[in-house]
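Just below is one structure, and these are the notes that go with it.
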Amino acid sequence: MKASADRAAVAPEQLQREARAWLRHLTAGRVTELDARAFRRWRAASSSHQAAFQDAQRWWQTLDPVLAKLVRENSGLAVKPPASSPSSWGRRTFLGGAATLAAAAGVAMIYPPFDLWPSAGMLRADYSTGTGEQRQLALTDHVSVALNTLTSINRQQAGGQTVGIELVSGEAAVDLLAPARRFSVTAGVGRSIATDGHFEVRHLDGITRVTCVDGALRLMHPLGVRTLAARQQTTYDSHSLGAVAAADPLALSAWRDGILVFRQTSLTNVIAEINRYRPGRVVLLDQNVAKRQVSGRFAIHTLDTVLLQIQHTYQLHASTLPGGLLVLT
């Protein structure tokens, strides 16, 4: 307890130096599992540590155009990585190596190593969740929004009132608690609008699925308009708009109850979904079983058990690597 208190009492200037040193180290492409554990301990020491690292990320993004210019103009810049711990790195060392790490950091801000922090899009979002995290938000007196794992949203306001959200990525469920002014969810090129009821929007990899749980909604898309009633859904992307179809009643809002539902889903897609909820990463290398179809209901909190079932069912060999990487062959 005393050690935690001592860490929490670190001066803000020291925390900023440590946070920037950690960011440089983690984006340098040489992160080990021990590094990841040490960083998590450092960040969890106090809310001040977490805030300092978020400030460091914003600082890095502010410098990004400058660093990119330095890389172009000084392609020979290089510094030897310090052998000491990140907390001992000074500002001169950090800035000295910043140009050579700009490109690597840009990638890491989009794809953070070991999922140690939110991606750049999530960092800029008004609200976001991490791997396996779910969050409930009361945006107005009559609108509640649930965020699923790895989800980012921005508020949309008009006249000082919250009138909708932009779903940057992930999955959100909107509960309109009483008939009120219309509320919308913008995802990709489409916008879903409702005044009452409950609906969900999932936006991943450029594909959006809109599901009306109850009530009714209108989906506005460059290619047309769709009206959805209770237990109906449709999908779209930037080039197409699907027809209205019945939604699987067993899958409706299942994630809000801690359940994943698969109906004749390829094993590749099942593992991709598991990766959204589970720390680390599962990689399937056996392409002979990648397209095998899976059906079932699985509790999110027992995903490691589900992976064991998958290994046994398809006779796969599992190799565990640093950083929570599980390779199935």
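The values are calculated or read from the model by the stated rules, or taken from the named source; none is laboratory data. Note that this is a predicted model, so its numbers are computed, not measured. We place every Cβ from the backbone using ideal geometry, glycine too, and count neighbours over all the protein chains shown.
Structure notes:
- Residues located in region 147-166, provided they are within 20 Å of Ala178 (Cβ to Cβ) and surrounded by 20 or more Cβ atoms within 10 Å (Cβ to Cβ): Gly164, Ile165
- Scanning region 248-306 for residues that are closer than 25 Å to Thr234 by Cα and among the small types (Gly, Ala, Ser) returns Ala251, Ser253, Ala254, Gly258, Ser266, Ala272, Ser295, Gly296.
- The one condition in (1) part of a loop (DSSP other than H, G, I, E, B); (2) more than 21 Å from Thr131 (Cβ to Cβ) that Gln264 fails to fulfil: (1)
- From the list Thr305, Thr235, Thr268, the lone residue that is surrounded by fewer than 19 Cβ atoms within 10 Å (Cβ to Cβ), in the same structural domain as Gly190 (by TED's automatic domain parsing) and either closer than 30 Å to Asp175 by Cβ or out of contact with any Pro (no Cβ under 6 Å at 6 or more places or on another chain) (or both) is Thr235.
- Scan region 1-42 for residues that are modelled with pLDDT of 80 or more, under 23 Å from the mean Cα position of the chain (by Cα) and not aliphatic (A, V, I, L, M) and the total you get is 2.
- When residues of region 277-329 are limited to those that are hydrophobic (A, V, I, L, M, F, W, C) and assigned to a helix (DSSP H, G or I), the one nearest to the chain's Cα centre (by Cα): Ile300
- Strands (runs of 3 or more DSSP E) fully within region 198-254 counting 1 or more residues that are within 22 Å of the chain's Cα centre (by Cα) and at pLDDT 95 or above: 207-221, 232-236
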